[in-house]
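Since the structure comes first, as structure tokens, the remarks are kept for the end.
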Amino acid sequence: MSLLHVGLDIGSTTAKAVVLDDDDRVIYSRYCRHFADIRTAIGGMMSEISENFSDSMKTVAIAGSGALALAEGVQVHFEQELIASSASVERYLRGVDVSIELGGEDAKLTFFDPAGIDQRMNETCAGGTGAFIDQMAALLGTDAAGLNELAKGYGTIYPIASRCGVFAKTDIQPLLNDGASKRDIAASIFQAIVNQTISGLACGRRIAGNVAFLGGPLYFLSELRARFVETLGLSEDQTIFPENPHLFVAIGAAILGKKRGDIVDLGELQREAAAFFSGRKTDPVNILPALFIDEESRKEFKLRHSISDVRRVDLTEYKGVSYLGIDVGSTTTKAVLIGSDGELLFSRYCQNSGGEPIKTVRDILTELYDELPPDVTIARSGVTGYGEKLVQAAFGIDIGEVETVAHAKAAESVLPGVEFVIDIGGQDMKCLGIRNGVIRRVFLNEACSSGCGSFLQSFAESLGMTAQDFAAEAENSVMPVDLGSRCTVFMNSRVRQAQKEGAEIRDISAGLVYSVVRNALYKVLKIRSADELGGKIVVQGGAFRNDALLRAFELVTGREVVRPGISELMGAFGAALAARDAERAGETTLAGAEAIRSLESYSGTARCKGCGNRCILTRTRFGDGRSYVSGNRCERGGAASANRKESPPNLYERKYRRIFDFYKPLPAEESPRGTIGIPRVLGMYEDYPFWFTLFTELGWRVELSSERPGENLGIDTIPSQTVCHPAKLVHRHIVDLLQRGVRRIFFPILQRESEQFDDAHQCFNCPVVTGYPDVAMLNIDALQASGIDFMKPSLPFDIHNKRGKLKKRLDDVLSRFGVTKKLLSKAFELALEAQRAFRQDIKLFGDEAVEYLKKTGGVGIVLAGHPYHLDPEVHHGIP
């Protein structure tokens with residue numbers, strides 16, 4: 001009887017199984033998404049293995065993030081996934097220096113070194129993993145494979161956060177709404193994953209040599225691999241993409257199980273696993289009240305919420321003027337047409353606008369014009385939402401309305417005297433406190449969207465369900481699981497834990513709607529009592545079409561609320577009401593039917609030249625010659641800046657140029673001591689005039705790092721995710737100098753600076769500034785290479801009170817280059833004078849700013865740091 005070796009890998013989103021023969025050849029494999037039903041997935045795999053290899057003895061080992069409890073329950077060896085993956089690499093691959101593996105919710109980085117294996121893995125954050133990819137793909141209206149296809153035709157890489165799916169959406173959604181190419185966004189998402197993996201796991205250790213790519217995402221997504229290869233600068237010979245890389249953890253488990261040699265009866269193991277899953281019970285402490293205690297309470301609830309609606313009139317039966325409202329949201333586009341008395345004549349709700357708001361709105365308006373009777377005219381139009389400005393420019397919409405005002409108008413029309421409005425959309429949440437028809441308080445979610453519609457939709461899709469089916473399951477829950485109200489990533493972990501404890505899908509679904517409500521109330525509103533909401537409450541937004549969510553809101557607040565029959569259309573309805581109520585002379589500017597049908601738009605990107613931020617702008621050009629510019633982080637970049645006659649002085653720009661552009665380095669042939677590099681970072685923004693003058697007078701050619709080095713330079717040498725951004729930039733600038741052939745770099749350790757003000761008591765630098773030369777030396781391996789002179793002397797840079805000590809210390813440092821005391825003394829005095837002149841010029845810049853403020857009557861313009869450019873001819877954004 002032959003001996004076979006079974007390895008199982010139960011991950012956060014997928015399950016894998018392999019069978020190896022005694023020569024470690026894979027003779028069976030299976031890879032599938034388990035959609036949180038681990039019991040069914042594992043049972044099916046075990047059955048297949050039993051049927052196909054019934055006459056063989058077997059060893060079994062289990063690995064993966066979802067396997068520990070099962071392994072303990074059925075008394076089978078559990079293997080940690082990093083160790084299992086490393087076992088596969090060592091068995092099948094030769095000459096691998098580093099392996100990068102991405103899974104459903106984890107990322108692993110392993111360095112193979114003769115002295116030992118160094119293994120790293122993500123901890124609390126699932127940003128940059130398979131689950132992150134699924135969320136981002138859904139945002140673009142596709143799946144992971146579709147995202148990969150889109151990325152093949154990219155032209156521009158945008159900066160996108162990957163630390164958290166919520167932050168990534170915050171970066172992506174404006175790009176979508178402003179018409180950026182989906183191809184560019186797809187490639188940018190993959191680049192964000194690369195940056196997250198390298199910076200989050202390498203932490204100061206360089207990824208070099210032969211690199212193996214493992215795990216499902218890297219197996220199925222060729223463009224993600226391509227972004228890694230390009231970022232790491234790997235040649236074809238250094239890129240290792242083995243057979244079955246998505247199964248390496250399961251294969252490693254089988255190899256380790258083989259070494260242990262314990263024979264397992266697979267049939268008995270299958271029975272024990274079934275008993276294990278059946279016997280798991282959810283902790284009653286973590287149980288919430290059922291949404292409906294019986295069928296009668298459900299019927300009463302649904303009847304009560306079926307009677308609140310706006311008056312509807314068939315468009316074919318209406319005559320006279322009408323008003324159009326459009327709401328371009330984060331995940332949906334809505335449009336309504338109302339009559340003069342607010343009656344609803346036409347409505348459309350387009351799920352997931354797919355990142356093409358112009359196309360979506362054009363389709364809706366084309367359909368509206370096709371249905372519009374001859375005796376109905378559109379008098380005015382209004383638009384609100386994320387894509388307000390772009391859509392207004394594209395279609396000639398008469399007015400743009402602020403979202404909060406639009407929703408308040410709509411709520412007042414449905415429930416006169418409304419006191420509180422809560423609107424939950426795809427990615428945002430708006431809560432309005434209203435008194436006597438006036439908005440008194442506004443609450444918006446800021447960085448987190450864990451309480452919004454996309455939060456529930458993402459979970460539903462991760463379980464292989466539609467949002468509607470997911471909500472229906474919640475209504476049938478008997479024991480909703482208390483999942484807390486944390487962010488999506490942490491909630492994922494809590495959901496997985498609940499699944500391992502035997503919670504059913506319906507109980508998890510009900511627990512999640514409770515989480516959404518509590519997030520809204522306690523995280524966004526920060527309420528202490530439901531009394532703060534008032535008596536008349538209107539809930540609206542697409543998320544509240546979910547009856548389970550609405551019921552949870554009523555149970556948590558103890559209030560019966562009003563949900564309009566058009567809750568998902570309330571933004572558009574409010575925009576239409578605003579258009580009706582707006583006082584405007586003349587005819588509507590809304591484009592006609594033929595103009596809308598023939599409307600064409602093209603998007604391109606460029607960097608704004610208005611300031612040092614260099615924002616990536618998107619220019620949308622229309623077929624009739626008009627254009628719209630978006631993406632700027634200030635009022636520049638658009639047409640308004642072209643009409644500006646006078647710009648206030650930009651202190652930041654002038655100071656920057658005074659520091660770094662004012663001084664001209666010696667020509668190479670006139671530099672007897674060669675070149676010395678200085679990174680354009682941290683303290684050099686104040687002290688560069690001194691150091692440039694000193695080294696130039698001593699005969700060195702001073703070479704600065706580039707103004708904008710490559711974005712990914714040195715990313716793998718950053719040892720900490722939590723250090724400040726200016727410190728992280730040190731790595732980029734030093735690597736830039738090294739790549740340009742600079743072999744001597746000066747980056748001093750400065751514990752304190754000179755006092756700039758009479759009432760300053762101490763002038764110590766922050767610990768990061770003081771210690772970062774050492775951090776750079778220890779983490780940028782190239783600085784320790786032969787022929788590199790990294791000068792990081794500890795100096796008392798107090799040119800007012802301790803100039804003698806500074807001069808003596810410099811004499812100690814520079815004497816090895818043959819610098820005499822006399823030469824140093826002369827250069828030192830000239831350097832002091834250069835530093836004093838720099839400080840005097842900065843004071844003059846400030847005086848000019850004060851004079852400008854006096855002349856214009858402005859307050860705080862300069863202090864707020866708006867990046868205005870001195871030259872009005874170069875701040876117009878895209879040429």
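The values are calculated or read from the model by the stated rules, or taken from the named source; none is laboratory data. For clarity, every value in this text was computed on a predicted model and none was experimentally measured. Glycine also receives a Cβ, built like all others from the backbone with ideal geometry; neighbour counts cover every protein chain displayed. Surface accessibility is based on the protein's heavy atoms, side chains included, excluding ligands, DNA and RNA. Shrake-Rupley method; radii C 1.70, N 1.55, O 1.52, S 1.80 Å.
Putting +1 on Lys and Arg Cβ atoms and -1 on Asp and Glu Cβ atoms, find which of 474, 676, 569 reaches farthest to the positive end of the dipole of the chain.
676
When the helices in the chain are scored as -39500 (n - 2.57) per DSSP H run of 4 or longer and the sum is shared across all residues, what 222 nm value do you end up with, to the nearest 500 deg cm²/dmol?
After summing the helix terms and dividing by the residues of the chain, the value is -12000 deg cm²/dmol.
When only DSSP loop residues count, what trypsin sites (Lys or Arg not before Pro) in segment 60-121 have their Cβ near at most 14 other Cβ atoms within 10 Å?
Loop-located and lightly packed - 94.
Under a point-charge model restricted to the Cβ atoms of Lys and Arg (+1) and Asp and Glu (-1), what is the dipole moment magnitude of the chain relative to its Cα centre, in debye to the nearest 20?
Dipole magnitude for the chain comes out near 3120 debye.
Between residue 833 and residue 723, take the C-beta separation as r, use R0 = 35 Å, and let me know the FRET efficiency to the nearest 0.05.
0.50
For residue 90 and residue 32, what does the FRET efficiency come to when R0 = 35 Å and r is the distance between their Cβ atoms, rounded to the nearest 0.05?
Computed FRET efficiency for residue 90 and residue 32 comes out at 0.85.
Classify segment 510-592 as rounded, prolate or oblate from the Cα gyration tensor: take a ≥ b ≥ c as the square roots of its eigenvalues, call it rounded if a/c is under 1.5, otherwise prolate when a/b beats b/c and oblate if not.
Prolate is the answer for segment 510-592, as a/c is 1.5 or above and a/b outweighs b/c.
At a Cα cut-off below 21 Å, give the lysines reachable from residue 822, other chains included and same-chain residues fewer than 8 away excluded.
802, 805, 807, 808
May I ask you to give the percent of accessible area on the chain that is carbon plus sulfur, with a probe radius of 1.4 Å?
So the carbon and sulfur contribution to the accessible surface is 50 percent.
Past the 18 Å Cα-Cα mark, which pairs from 609/843; 58/258; 409/536; 58/259?
Distance filter (> 18 Å) returns 609/843.
Over segment 7-158, calculate the relative contact order: mean separation of alpha carbon pairs under 8 Å at least 6 apart, over the residue count, as a percent.
Reported relative contact order: 15 percent.
Count charges around residue 548 for me, please; just the other residues with Cβ under 9 Å from its Cβ, Lys/Arg as +1, Asp/Glu as -1.
Here the count lands on -2.
How much net charge surrounds residue 205 when only other residues with a Cβ under 13 Å from its Cβ are counted (Lys, Arg +1; Asp, Glu -1)?
-3
If the cut-off is 20 Å between C-alpha atoms, which aspartates and glutamates fall inside it for residue 664, apart from same-chain ones fewer than 8 positions away?
Filter leaves 653, 686, 687, 697, 703, 707, 736, 829, 833, 841.
Treat every Asp and Glu Cβ in segment 54-107 as -1 and every Lys and Arg Cβ as +1, leave all other atoms uncharged, and give the resulting dipole magnitude about the Cα centre to the nearest 20 debye.
Here the size comes out at about 220 debye.
At a Förster radius of 56 Å, what calculated FRET efficiency corresponds to the Cβ-Cβ distance of residue 468 and residue 707, to the nearest 0.05?
0.60
Just going by the charge dipole of the chain, with Lys and Arg at +1 and Asp and Glu at -1 on Cβ, which of 665, 765, 415 is farthest out on the positive end?
665
Suppose every Lys and Arg Cβ carries +1 and every Asp and Glu Cβ carries -1, with no other charges. What dipole size does segment 45-153 come out with about its Cα centre, to the nearest 20 debye?
200
In a shell of Cβ-Cβ distance under 13 Å around residue 692, excluding residue 692 itself, what net charge do Lys and Arg (+1) and Asp and Glu (-1) give?
Here the charged neighbours net out to -2.
Which order do 415, 303 take by accessible area at a 1.4 Å probe, largest first?
So, going from the largest accessible area down, we get 303, 415.
In segment 1-66, what trypsin sites (Lys or Arg not before Pro) fall in a loop by DSSP, with at most 12 other Cβ atoms inside 10 Å?
25
Helix check for the chain. Which DSSP H runs span at least 30 Å along their own axis by Cα, with a mean Kyte-Doolittle hydropathy no less than 0.5?
None clear 30 Å together with a mean of 0.5.
Quick check on the chain: take the gyration tensor over C-alpha atoms, sort the square-rooted eigenvalues as a ≥ b ≥ c, and tell me if it's rounded (a/c under 1.5), prolate or oblate.
Oblate, since a/c reaches 1.5 and b/c is not below a/b.
Can you pull out the trypsin sites (Lys or Arg not before Pro) in segment 519-591 whose DSSP state is coil and whose Cβ has at most 13 other Cβ atoms within 10 Å?
Here the sparse-neighbourhood loop sites are 526, 528, 584.
Going 7 Å from the Cα of residue 268 along its beta-carbon direction, which residues of segment 35-74 have the amide nitrogen within less than 14 Å of the resulting point?
Under 14 Å, as judged by backbone N against the label point of residue 268, lie 57-60, 74 of segment 35-74.
Before I look further, what does the chain give for accessible area per residue, probe 1.4 Å, in whole square angstrom?
Value returned for the chain: 43 Å² of accessible area per residue.
If you take the charge dipole of the chain about its Cα centre, with +1 on Lys and Arg Cβ and -1 on Asp and Glu Cβ, which of 734, 121, 346 is farthest toward its positive end?
Value computed over the given set: 734.
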